[in-house]
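Before any comments, here is the structure.
Derivation of every value follows stated rules applied to the coordinates shown; laboratory data play no part. The model shown is predicted, which means the values in this text are computed figures rather than measured ones. Backbone-built Cβ (ideal geometry, glycine too); neighbour counts: all protein chains shown.
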Amino acid sequence: MQNADDIKAKAVDTIACVSVNDAFVMSAWGDACGVGDKVDMLSDGNGEMAAALGLELDASGGGLGIRIQRFAAIVEDGVVTTLNLEKPGAFEVINAETILDQL
């Protein structure tokens with residue numbers, strides 16, 4: 001969110017956050033983080049997008065069910081041109097600085 005203006009300055013139309021949560025949770029999360037209109041908070045409530053992308057994460061052991069792996073993607077005209085998958089517990093390839101370098 002802190003780098004949203006820099007990302008959009010590179011001709012990016014939309015920055016989105018997708019999670020396997022319902023729309024109400026996503027809205028509340030966005031409000032709590034103060035994203036405003038900088039980030040679209042998108043709900044993948046049934047995990048259908050996660051499944052279609054092959055990015056399901058089984059967190060049933062922790063009581064969370066099927067989730068989506070942490071990732072960042074650059075999508076151009078509906079085609080994923082860059083897909084960064086994050087290792088569990090890391091924050092190395094999905095950060096704004098990495099995305100800015102890849103744009």
*Rounded tilt (10° steps) of 23-33 against the dominant C-alpha axis of the chain*: 50 degrees
*asked:* Tell me which of 1, 80, 11 sits at the most positive position along the dipole axis of the chain, charges placed on C-beta atoms (Lys, Arg +1; Asp, Glu -1).
replied: 1
*Given that just one value was derived from the coordinates, which of (i) 2, 12, 21, 24, 19, 12, 7, 3, 1; (ii) 3, 12, 19, 18, 13, 9, 7, 6, 5, 4, 3, 1, 0; (iii) 2, 11, 20, 24, 24, 14, 4, 1, 0 is P(r) over Cα pairs in 5 Å bins from 0, in percent?*
(iii)
*asked:* Using a 7 Å offset from the Cα along the Cα-to-Cβ direction at both residue 32 and residue 8, what is the distance between the two label points in nm, to one decimal?
replied: 2.4 nm
*Who wins for biggest fluctuation among 37, 77, 13 in a Gaussian network model of the chain, springs between alpha carbons below 10 Å?*
77
*Given +1 on the Cβ of Lys and Arg, -1 on the Cβ of Asp and Glu, and no further charges, what dipole in debye does region 45-100 carry about its Cα centre, rounded to the nearest 20?*
200 debye
*In region 4-102, what percentage of the DSSP-assigned beta bridges are antiparallel, given to the nearest 5?*
70 percent
*Just the projected area, averaged over all directions, of the convex hull on the alpha carbon atoms of region 5-53: how many nm²?*
3.8 nm²
